[in-house]
Protein chains: 2
Amino acid sequence: MIERLPKKIRQQQLTESIGQNPFITDDELMRMFNVSIQTIRLDRMELSIPELRERMKLMAEQSYDQVRSLPLHEVIGDVIDLQLDKSGISLFEIADHHVFSRTKIARGHHIFAQANSLAVAVINEEVALTASADIRFVRSVVLGEKCIAKAYVRSISKGRTKAKVEVLSYVGDELVFQGEFVIFRIHKE
Amino acid sequence: MIERLPKKIRQQQLTESIGQNPFITDDELMRMFNVSIQTIRLDRMELSIPELRERMKLMAEQSYDQVRSLPLHEVIGDVIDLQLDKSGISLFEIADHHVFSRTKIARGHHIFAQANSLAVAVINEEVALTASADIRFVRSVVLGEKCIAKAYVRSISKGRTKAKVEVLSYVGDELVFQGEFVIFRIHKE
DNA sequence: ACTACTACTAGTATCAGGTATTAAATTATA
DNA sequence: TATAATTTAATACCTGATACTAGTAGTAGT
């Protein structure tokens, strides 16, 4: 006799398996649970889990929509104002995936990322890289809050190879983050 | 006679059409260009454009990998070693979506994120938040490089409310990033 | 005019990964 | 033991293709 699980538990594990690896076929699942392929299909029906191709299609559509809507990773947050070599403002709303699940407090590096990418964007040069930074997280930012970062170019070195940019981030009128960035400006022909 | 385009132009437009809407079937394309379905398939072959299902699969995989690697991870990078309140090591491979598209140089905030999240993870407390940091990007990291961050807890304040963590990130044996983090430890019951 | 070549079309067999349906066998439970 | 729940089997069919063979139309070279 082949070892088998009761229906309820099998269906639970099936849901989990597909959740963990959405690219699994019914055939693989059948072998996984030592049942016939029809049972797997009945299970999927009852749990209303779509077939592999449908799952892939949904994921593809999702990512396609994302690609359309977000020029992801270019600048973290939406740039509202930008005066090259002078100043810039960006807005960043703290979403679910930016926070610690327990405390709902935003992870520091997201706040940093907003400030850093704005500091880089404000520099009027093809290639600009962060050289160093001195930062302070003044108060924690929580889920749902809108973080407004304001960047000011404080100085540009004589050879125009370095710039100092100060970034102040606020929620409402409360300062939450403060940073001083040194940005390398790399001139390329 | 039905209006038809020369092969070259048709293939150009075909590439564009699929680029704009990857969810289009050969059948729809056939009607679009007033040619037989075989012609469409020959065109796809010549242009090495995969079939609809393959395209969807690729997109699905892409989005799945992104979801896995980006927001869901508690720590950016893979933790290889962790001795609470002492030290930790994490490894982070620079992928396509971490770099500036032109230069293939990693955006600073990803390098920072690895270091910051490791600095937080190494602290033996339920809730730990970055208070401030002093960082330096020693040399730029490029696409494909594996960044190894090493975190060392340098001191813990008397009330155990603050810790100083130094993080050094290397590619091979070259130092690429250096940071000193002050982490708040928040004790909760 | 004959040949060679390109571009296109047609048709068939086959595939993966399913759906949909009907029916039978097995197992559990009242 | 009767009956209900569960599982399996079998078959027809679907989509969106691949792989392969074969044929046609038009055009250029000789």
Counting only residues in segment A:6-53 that are in contact with a helix residue (DSSP H, G or I) (Cβ under 9 Å, 6 or more places away or on another chain) and of a type in the set (Lys, Arg), the one nearest to residue B:53 (Cα to Cα) is identified as A:53
Of the residues in segment A:31-63 that are of a type in the set (Asp, Glu) and within 13 Å of another protein chain (Cβ to nearest Cβ), the one that is farthest from residue A:17 (Cα to Cα) is A:61
Here the residues within segment A:8-26 that are among the charged types (D, E, K, R) and surrounded by 13 or more Cβ atoms within 10 Å (Cβ to Cβ) are A:10, A:26
Here the residues within segment A:43-75 that are at pLDDT 80 or above and surrounded by 16 or more Cβ atoms within 10 Å (Cβ to Cβ) are A:43, A:44, A:49, A:52, A:55, A:56, A:57, A:59, A:60, A:61
**Prompt:** When you look at residue A:149, is it among the hydrophobic types (A, V, I, L, M, F, W, C) and within 11 Å of chain B (Cβ to nearest Cβ), yes or no?
**Reply:** no
Within segment A:20-46, the residues that are hydroxyl-bearing (Ser, Thr, Tyr) and either farther than 20 Å from residue A:58 by Cα or touching a residue at least 40 places away in the same chain (Cβ under 8 Å) (or both) are A:36, A:39
Of the candidates A:102, A:136, A:107, the one satisfying the condition of being surrounded by fewer than 16 Cβ atoms within 10 Å (Cβ to Cβ), at the interface with another protein chain (Cβ under 10 Å from one of its Cβ atoms) and without any contact (Cβ under 8 Å) to a residue 60 or more places away in the chain is A:102
Of the conditions (1) surrounded by 20 or more Cβ atoms within 10 Å (Cβ to Cβ); (2) within 25 Å of residue B:99 (Cβ to Cβ), the single one that residue A:78 does not satisfy is (1)
Condition check: at pLDDT below 95, farther than 28 Å from residue A:97 by Cβ and surrounded by 14 or more Cβ atoms within 10 Å (Cβ to Cβ). Does residue A:29 satisfy that? yes
Only one of (1) at the interface with chain B (Cβ under 7 Å from one of its Cβ atoms); (2) touching a residue at least 40 places away in the same chain (Cβ under 8 Å) does not apply to residue A:128, and that is (1)
_Just to be sure before I move on: is residue A:160 part of a loop (DSSP other than H, G, I, E, B), more than 24 Å from residue B:130 (Cβ to Cβ), without any contact (Cβ under 8 Å) to a residue 60 or more places away in the chain and more than 7 Å from chain B (Cβ to nearest Cβ) in the structure I sent?_
yes
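The values are calculated or read from the model by the stated rules, or taken from the named source; none is laboratory data. Since this is a predicted model, take the numbers as computed values, not measurements. Cβ coordinates were reconstructed from backbone atoms using ideal geometry, including for glycine residues, and neighbour counts include every protein chain displayed.
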